[in-house]
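The structure appears below as structure tokens.
The values are calculated or read from the model by the stated rules, or taken from the named source; none is laboratory data. In this text, all values refer to a predicted model and were calculated from it rather than measured experimentally. So basically every Cβ, Gly included, is an ideal-geometry build from the backbone, and we count neighbours across all protein chains shown. The protein model used for the area step is the full one, side chains on, heavy atoms only, and it has no ligands, DNA or RNA in it. Shrake-Rupley method; radii C 1.70, N 1.55, O 1.52, S 1.80 Å.
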Amino acid sequence: MERIMRSQAFSDPSKAQYLNSQKVMEINPRHPLIVELNTKVESDPDSEETKDIAWLLHDTALLQSGFMQDDIESYSSRMYRTMAKALDMETGLDLEEEVEVPEDDEEEEDDEEEDEDED
């Protein structure tokens, strides 16, 4: 119902507030991901990586259940950091130097063939 109310073009958010359901996330403490996350939290509770993993678990459950992600900017930042870590990118997400793309040989061959066809 929450998704339907959000999608209504003329919906008044203040009136629809009472329709928002309370979200409950059930966690299985025996699941291997939860066990490993708990280990990371106990060893370094202030780690940015550990916080990102916990938020990733929350975001995945939220999206899988069909709810909307409210804070897109934070979500995107966490996803980029998580992908960079998974790809072992030590330099971070800084742009690389521009790549020079050589002119395509096929274009030159096509131009030559057109010239020959005109003769």
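Of all residues in the range 66-91, those that are farther than 16 Å from residue 51 by Cβ and open to solvent by less than 50 Å² (accessible area, probe 1.4 Å) have Cβ atoms under 8 Å from Cβ atoms of residues that are in a helix (DSSP H, G or I) and modelled with pLDDT under 85, 6 or more apart or on another chain, in 66/3. Among residues of the range 32-49 that are farther than 18 Å from residue 78 by Cα and of a type outside the set (Gly, Ala, Ser), those with a Cβ under 9 angstrom from a residue that is open to solvent by 70 Å² or more (accessible area, probe 1.4 Å) and outside any helix (DSSP H, G or I), sequence gap 6+ or separate chain, pair up as 34/27; 34/28; 35/29; 38/29.
Among the criteria (1) more than 22 Å from residue 88 (Cβ to Cβ); (2) modelled with pLDDT of 80 or more; (3) open to solvent by 90 Å² or more (accessible area, probe 1.4 Å); (4) hydroxyl-bearing (Ser, Thr, Tyr), the one residue 43 does not fulfil is (1).
Tally up the residues in the range 92-102 that are modelled with pLDDT under 85 and either touching a His at 6+ places or on another chain (Cβ under 6 Å) or surrounded by fewer than 10 Cβ atoms within 10 Å (Cβ to Cβ) (or both), please.
The initial filter retains those residues of the range 92-102 that are modelled with pLDDT under 85, namely 92-97.
The next check asks that each one be either touching a His at 6+ places or on another chain (Cβ under 6 Å) or surrounded by fewer than 10 Cβ atoms within 10 Å (Cβ to Cβ) (or both); those that pass are 92, 94-97.
Total meeting the criteria: 5.
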